[in-house]
Amino acid sequence: MQALRAGHGFFLLGGILHVIVLIAVAAAIYFIVRRWPSRSGVKQLRESFARGEIDEDTYRARLAVLRETARY
């Protein structure tokens, strides 16, 4: 009887450890995706230019700044 109880306890501990590992992996993926550089600045700039909110000179100047400061 004692052996069964000890075995069952290890099974429970293993299940808890699996859940903890899954949570850690999910958190790591979440933080990696959040910090991944996006091109949203360029997209917003293109949309502003397409709507006529900025002229071509402003567009090119801002695009150059975005490309210089882009993290790869």
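Read-outs throughout are calculated quantities, based only on the coordinates presented, and are distinct from any laboratory measurement. Note that the structure is predicted; figures quoted are calculated from it, not measured. Counting neighbours? That spans all protein chains shown, and the Cβs are built from the backbone with ideal geometry, glycine included.
Phi angles of region 15-31 translate, via the Karplus equation with coefficients 6.51, -1.76, 1.60 and θ = phi - 60°, into HN-Hα couplings of x, 5, 5, 4, 5, 5, 5, 4, 5, 5, 5, 4, 5, 4, 4, 4, 5 Hz per residue; Gly and Pro are given as x. Among F49, F31, a tally of other beta-carbon atoms within 10 Å of each Cβ gives an order, fewest to most, of F31, F49.
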